Amino acid sequence: MADDYSTFSAWFRRVCVLVKSNKRETLILVSATFVLGSGIWVWNYLDPTSWNHYTDDISFRQLTRDVDPDFAVWSEARATVGDVNLPADSAEPVFSPDGTQMIIARGLSVGDANLFLSKWDGRSWGELTPIRALNSQFHETSPCYSHDGRLLYFSTDRPGGQGGYDIWASRWDGSEFAWPLPLTQMVNSPFDDKEPALSTVDDVLYFSSNRPDGNLTEEQAVEAGEEDWDLFSANIIPAGVTNREVERALSMLYSLRTTALADESVMAKLGGSTASESAVDRALEWLASNQETNGMWTASPGKGGYKVAATSFALLSFFGRGARHDEPGKYQEVVKKGLDWLLEQQNKATGALSSGGREMYEHGIGALCLVEAYGVSKDQNIYFPAVWAVEYIEEAQNDSGGWRYTAKSKDGDLSVSGWQIMALKSAELSGIPIKEGVFDGARKFLRSVEGGASGGLYAYTPSAPGKPGKRSGKRSRKGQFSSSAMVPTGYFCSLLLGLSPNTEQAFETADGLQELSERATFEDVYWGYYATLAAYQSQGETWPKWRVALNDKFVKTQESSGSWAVHGGHGAQMGPVITTALVALSLQSHYRYTPLYGLGFKPDRGSDRLSQGGLETLNSIPVYRRAKRLYDVNSAGNDVGPYLTEHGDYLYFASDRTGGAGGYDLYRYRITMKGVYELERLGPEVNSAANETDVALRAAGFNLMFSSDRGMEDGEYRLYSSPARQVYRRHEYGRFPAVLRVIEDAPMRLMGIVIALAGFLFFVKRFTKPRSENTSPSVPQSTVDGGAS
């Protein structure tokens, strides 16, 4: 220890000698270090950035350094004025990309939710207009625009999805949103999937769902009390045909009938009645009792003729009732025997299906039967026969794009071509690929037989005698429809190939169907079948009137045996089996297929523009990967209503998690490239003790709109808006608020600064004191003595 002390003492003495011998240089170094250190310390302590702040000049002041990006201060929320809140049952607002239109859901409190559109007039939101191609007897809620405005996502409990509420998407056709389709089971589940929201480039879909966290069934989840709502996201799959697209397309064909047959309330909403369903049951019993022992049917029992066509029509009517060859049921054996016989009739070399007579007639009907048998069952034993039948239709198409009695016939007729088009479209929706150009050729043929003022009347062949003048510009004369079954045939096939019902061409046909619904006799069952399909796809006022006439004419004329008598027209050629099967299919029409343009479409030519293009010209609906939970966002409470800001920097949502003001409150998460972080609950200007949900932003994010039930009856909501207050940035050089804070909050530190400064000045004065003029250098004593001597 002594050695250490002596070493330190020696070192200290050497430093002192060095400093004493270099006083001025050392003083300059120490002074510079002191001044620099003091400056750094004063800058950090006083922090001149605190002189910058934001304020609304009324009640708000926030230092710039404490403000995050996208900083906003919301004003006190107030109920939105205008028709959108009258009566008070409006919720789930969403704004168009340009902010000039808003879509909301109404009717939630009374159990009849629909979507309505309102336009901004510069001061308030205008009159509400129902979205006519999407609203139905079921619930439509939770609208969401894509960022290009070409797609509208929404939630609905209509049949066709996976169960409960599902997320669907519809396309903008130049006039309105229509042609809806459900998303696949990668997104939708048997539980409730609602409130879709899209990322900034539409590549991620967010939504809320009450599906359980695990592989529980709906019943198990309810028993376990796991009905928690959470937020989910699903990434888009690049465009291209996938099995998931086929899965979604199948819902257009068969899911509606599956749900309707399992739920009487759904059947009633679709238009079914006890009388019509009983008539179908009796018809099927008659058909089953008249099946031949080898499994086939003939046009007239015991007399032969049109065996493939009769067998196919009979099987289609059983498919429409949900009967299958591969599942237990009342008619399983009947269907299995019929399919086995039909498969045996196929020419394995060409794929043709015919029992003699007019080949392409029977083949088209037989192909439609095989395609539907595969579509409802996905039985691989039927897949290749169905593909072969479709390929034969493709090869048989002539240069005009149509078909006639034999393959590659020079001319085409609409009656034969109609069955081929139906088979091809059903095949496409069932996942069977169609050769490129086949549908284009079919459209070409349909255009060649169009007639009437707007092209809404159709002839048998392009050169048929008495064909209505093609787009003559003259109104079709009254009763034009009754002369030919080809008008509804051509119209229905045009709809299958993408014609919008919201066109003058379609209105010309629909007007005729409405006219005929009041006086139709349905004696020509072939005409009645196609007219029923056309009226159903038209929807609007056409279908309800037609359905009444259909039930009135067909149900009341059914014979006690369950069949229908053969009348004039084509009926004399078809016989009782085909006649009975076609009537049964007509009575099943409200649930066999889904209307392509929209379930519940209600045209209004006086107030809306017409569709600008057919289905083939519109945007495709994306397909998504499997949805995943947002674990970083979800809580033990219910988390619902996601909304992404325009720049994708914040995820807003509603939650009843603990720590809120009461009920559901509005929250947001900051999103960065590293993920989601920093939860923030919006302040008392927005949240209240009531429920606040359904965030939407407009005006570049400076206007917040949401739903709230504050002050309302149970289940009712109103729309509220909260604009961001105008905030100014101030730079106050003269006030030096931080210096005042030093004096107030740190007097001891200020005193230390003063003492240090005084000490510094003392040493400067001490070491820089000049020498006295009277002082002379000391002289050694020996020198003095020597001089005296």
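The values are calculated or read from the model by the stated rules, or taken from the named source; none is laboratory data. For clarity, every value in this text was computed on a predicted model and none was experimentally measured. We place every Cβ from the backbone using ideal geometry, glycine too, and count neighbours over all the protein chains shown. For the accessible areas, the whole protein counts, side chains as well, though only heavy atoms, and no ligand, DNA or RNA atoms are used. Shrake-Rupley method; radii C 1.70, N 1.55, O 1.52, S 1.80 Å.
A few remarks follow.
- Cβ-Cβ FRET estimate between Arg681 and Asp632, R0 fixed at 22 Å, reported to 0.05: 0.85
- For segment 580-629, the gyration tensor built on C-alpha atoms gives an oblate shape. Its axis ratio a/c (a ≥ b ≥ c) is at least 1.5, and a/b is not larger than b/c.
- DSSP-assigned coil residues among trypsin sites (Lys or Arg not before Pro) in segment 543-636, each with at most 16 further Cβ atoms within 10 Å: Arg605, Arg609, Arg625, Arg626
- Extending 7 Å from the Cα toward the beta-carbon at both Ser561 and Ser124 defines two label points whose distance is 6.9 nm.
- Ordered by 1.4 Å accessible area with all protein chains kept, Glu292, Glu227 run largest first as Glu227, Glu292.
- Put a dot 7 Å past the Cα of Ala699, heading toward its Cβ, do the same for Arg625, and the two dots end up 3.9 nm apart.
- Potential lengthening of the chain between Lys444 and Asp202 amounts to 83.6 nm, from the contour at 0.36 nm per residue minus the alpha-carbon distance.
- The slack in the chain from Glu395 to Asp281, taken as 0.36 nm per residue of separation less the alpha-carbon distance, amounts to 37.2 nm.
- Note on Glu504 and Asp83: the extension gain reaches 148.4 nm, defined as 0.36 nm multiplied by sequence separation minus the Cα-Cα distance.
- Computed 3J(HN,Hα) for segment 255-266, one whole-Hz value per residue from the Karplus formula 6.51 cos²θ - 1.76 cosθ + 1.60 where θ = phi - 60°, is 5, 4, 5, 4, 5, 5, 6, 8, 9, 4, 5, 5, glycine and proline marked x.
- With an a/c value of 1.5 or above and a/b larger than b/c for the gyration tensor axes a ≥ b ≥ c computed over the alpha-carbon atoms, segment 310-383 is described as prolate.
- Applying a threshold of 19 Å to the alpha-carbon distances of Lys330/Lys556; Lys194/Lys628; Lys410/Lys444; Lys269/Lys545 flags Lys330/Lys556 as lying beyond it.
- FRET E, pair Thr258, Asp714, Förster distance 45 Å, beta-carbon r, rounded to 0.05: 0.85
- Taking all protein chains as shown and a probe of 1.4 angstrom, His325 keeps an accessible surface of around 30 Å².
- In this structure, Arg150 and Gln345 have a Cβ-Cβ separation that, at R0 = 51 Å, corresponds to a calculated FRET efficiency of about 0.65.
- Of the trypsin sites (Lys or Arg not before Pro) found in segment 383-453, the ones in coil according to DSSP and having at most 15 other Cβ atoms within 10 Å of their Cβ are Lys408, Lys410, Lys435.
- Taken per residue, the accessible surface of segment 336-431 reaches 35 Å², heavy atoms only and a 1.4 Å probe.
- Among the GluC sites (Glu not before Pro) in segment 74-157, those placed in a DSSP loop whose Cβ has at most 16 other Cβ atoms within 10 Å are Glu76, Glu127.
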